[in-house]
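**Student:** Dropping a structure here in structure tokens format, bear with me for questions.
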Amino acid sequence: MKKLLILSALVLTACSPAPTVVLRIDCGEYNNKDLQVTINNEVAGTCPLDTMIRHGETVISARKDSEDASYLYSEVIEKFAENAMKRIKLEFKTIYPELYYYKKATDMRGFEVYLQHYPNGEYSAEIQRKLAPLVEEKRLQEEKARLAVVAAQEKRKKELLNAGFIDNNDGTLTAVATNLIWQRCSIGQNWNGSTCTGNAKTLNWYDARALAKDEWRLPTLDELESLVFCSSGEREPSSRPGGSFVRNTDGDCLGDYARPTIHPIAFPNTPAERFWSSSIYADNRRGAWDIQFNAGNVGYGEKDYLRFYARLVRDTEEKRQADEKLLQKAGFVVHNDGSVTDAATKLIWQRCSVGQRWTGKTCTGEAAKFKWNDAMQQAKDGWRLPTIDELDTLVFCSSGQRKPSSRPGGKYVSETNGYCEGNYVEPTINQTAFPNAAPEGYWSSSPELNGLNVLRVRFNYGDAGITSEDSHLRVRLVRASQ
């Protein structure tokens, strides 16, 4: 009987295959840190591990638990050939089980994170009970904060209204007294919903004027001066007798006043510096009027060389409609197709320069420039280039002062070239009838008497003069009334 048992044991041993695979398991940075390795669900030792296993499919894994319930884990499934020698490097990732998130759930954020991962988890009912009062408390705090913001906004609106402005909630204000819409930020700054950020930009007068688009424009001197705010309540008289600068009537703020001399709530972060107007200085055509918001006074500066700040303005719809009515009283008949009839001359004019587009309210886009022969080719469908006498009828000097304008025998005479005088605004054309007109030269169809040049009108000065037919000027078309 004893011999039979020994024989059976030998047979069983012979049927169990011996390990033939030489295996090294490497855990990288986690070697020698008591990381247990499991091979086919049996603990084999710690990393690094050298061992022998049987060939065939093998599952190798390693895990290291942390106190916060997370753990490092790596698993590799390999099929080893008989008599192989292999090195396996395990790559680990951190696993965060439900218990980890439960232990971390000690405040509102922790509760929310747990429920995001385990909305129906083992501890979800408990977490929801703890979270509910915190959610309600947060709601009440947010409502309180919202009401505080609303109260602050209402306070600002009242302060603005007391200062004469209505907040349009888009970075602009409407001035109640003048019916003008102002950009709250200076050029170069940005409105962030509560204030003006960034650095205001300085420009020469021509570059500042060129910013006009989409009904926005550089303000006249009177419009810009309406923004002067002397916190002391005291200011020198502001007047310009005969269009000239006078020191004693330049509008300086008096007493103890804050700078800049503009309402700080209406126009936050305004530089206490000089700002351009669109108004030309009468005593020197190279100059334009400005406002010094350090002291509130009116001044003037060289248009080409000096660099001041700028703020843009546009008319309200009510003011535009009122101006349209005044336009009709001034002798213009407005048509729905972007044209106007001048009752005095019976001529129908396109309100936009060639290259611009009529939107129903204004002219948008850039007026194109042409040589004279190309300008003549723009005539079509009854529209044509105006004669010099027709074009000259559009000159409007806002100062009410203009030199005589005549061309005896069709010849240019400098003494009667029609220059605007005094403090006038560019362009020298009715800007309600012809919005966004370029303050530059426009072609007429009239050659000068000697035939060497062509007569034109410059709507930055109001003068009729001559230029070469190769010059590049703007075009406005006209036709006779039906």
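**Student:** For the list (1) closer than 26 Å to Ala438 by Cα; (2) modelled with pLDDT of 95 or more; (3) among the aromatic types (Phe, Trp, Tyr), I need the number of the one condition that Trp191 fails.
**Tutor:** All conditions pass for Trp191, except number (1).
**Student:** Taking only pairs six or more apart or across chains, which ones have beta-carbon atoms under 7 Å, a first residue in the range 449-463 that is small (Gly, Ala, Ser), and a second residue that is modelled with pLDDT of 95 or more?
**Tutor:** Partner pairs satisfying both residue conditions: Gly462/Val395.
**Student:** Residues Gly188, Gly233, Gly193, Gly198: which one is under 22 Å from the mean Cα position of the chain (by Cα), over 21 Å from Tyr309 (Cβ atoms) and not assigned by TED's automatic domain parsing to the domain that holds Arg357?
**Tutor:** Gly193
**Student:** So which residues in the range 340-361 are crowded, with 19+ Cβ neighbours inside 10 Å, polar (S, T, N, Q) and modelled with pLDDT under 95, if there are any at all?
**Tutor:** Gln356
**Student:** Among (1) without any contact (Cβ under 8 Å) to a residue 12 or more places away in the chain; (2) in a strand (DSSP E or B), there is one condition Tyr300 misses while meeting the rest; what is its number?
**Tutor:** Among (1) without any contact (Cβ under 8 Å) to a residue 12 or more places away in the chain; (2) in a strand (DSSP E or B), the lone unmet condition for Tyr300 is (1).
**Student:** Restricting the search to the range 444-482, which residues are over 21 Å from Thr345 (Cα atoms), among the charged types (D, E, K, R) and surrounded by fewer than 20 Cβ atoms within 10 Å (Cβ to Cβ)?
**Tutor:** Answer for the range 444-482, where residues must be over 21 Å from Thr345 (Cα atoms), among the charged types (D, E, K, R) and surrounded by fewer than 20 Cβ atoms within 10 Å (Cβ to Cβ): Glu448, Glu469, Asp470.
**Student:** Which count do you get for residues in the range 209-222 that are out of contact with any Pro (no Cβ under 9 Å at 6 or more places or on another chain), surrounded by 20 or more Cβ atoms within 10 Å (Cβ to Cβ) and part of a helix (DSSP H, G or I)?
**Tutor:** Looking only at that region, the number is 1.
**Student:** Here's something else I'd like to know. Could you grab me the full set of residues in the range 127-161 that are under 21 Å from Cys196 (Cα atoms) and polar (S, T, N, Q)?
**Tutor:** Gln153
**Student:** State yes or no: is Asp34 at pLDDT below 90, farther than 21 Å from Met85 by Cα, within 60 Å of the chain's Cα centre (by Cα) and of a type outside the set (Val, Ile, Thr)?
**Tutor:** Spelling it out, Asp34 is indeed at pLDDT below 90, farther than 21 Å from Met85 by Cα, within 60 Å of the chain's Cα centre (by Cα) and of a type outside the set (Val, Ile, Thr).
**Student:** Looking only at the range 18-50, how many residues end up being surrounded by fewer than 16 Cβ atoms within 10 Å (Cβ to Cβ), free of Cβ contacts under 8 Å to residues at least 40 places away in the same chain and out of contact with any Gly (no Cβ under 9 Å at 6 or more places or on another chain)?
**Tutor:** So the count comes out to 14.
**Student:** Looking only at residues in the range 380-391 that are touching a Lys or Arg at 6+ places or on another chain (Cβ under 9 Å) and in contact (Cβ under 8 Å) with a residue 60 or more places away in the chain, which one is farthest from Asp283 (Cα to Cα)?
**Tutor:** Gly382
**Student:** Sort out which residues of the range 73-85 are part of a strand (DSSP E or B) and out of contact with any Phe, Trp or Tyr (no Cβ under 6 Å at 6 or more places or on another chain), and write them in order of number.
**Tutor:** Across the range 73-85, the qualifying residues are Tyr73, Glu75, Val76, Ile77, Glu78, Lys79, Phe80, Met85.
**Student:** Strands (runs of 3 or more DSSP E) wholly in the range 421-482 with at least 2 residues that are farther than 25 Å from Glu324 by Cβ - which ones?
**Tutor:** In the range 421-482, 441-447, 454-458, 463-467 are the strands (runs of 3 or more DSSP E) which contain 2 or more residues that are farther than 25 Å from Glu324 by Cβ.
**Student:** With respect to Thr51, determine if the residue is under 30 Å from Glu126 (Cβ atoms), in a strand (DSSP E or B), of a type in the set (S, T, N, Q) and touching a Leu at 6+ places or on another chain (Cβ under 7 Å).
**Tutor:** Here the answer is no, as Thr51 does not meet what is asked.
**Student:** Show me the helices (runs of 4 or more DSSP H) found entirely inside the range 94-197 where at least 2 residues are surrounded by 14 or more Cβ atoms within 10 Å (Cβ to Cβ) and touching a residue at least 60 places away in the same chain (Cβ under 8 Å).
**Tutor:** 124-162
The values are calculated or read from the model by the stated rules, or taken from the named source; none is laboratory data. Here the structure is a predicted model, which means the values were calculated and not measured. Backbone-built Cβ (ideal geometry, glycine too); neighbour counts: all protein chains shown.
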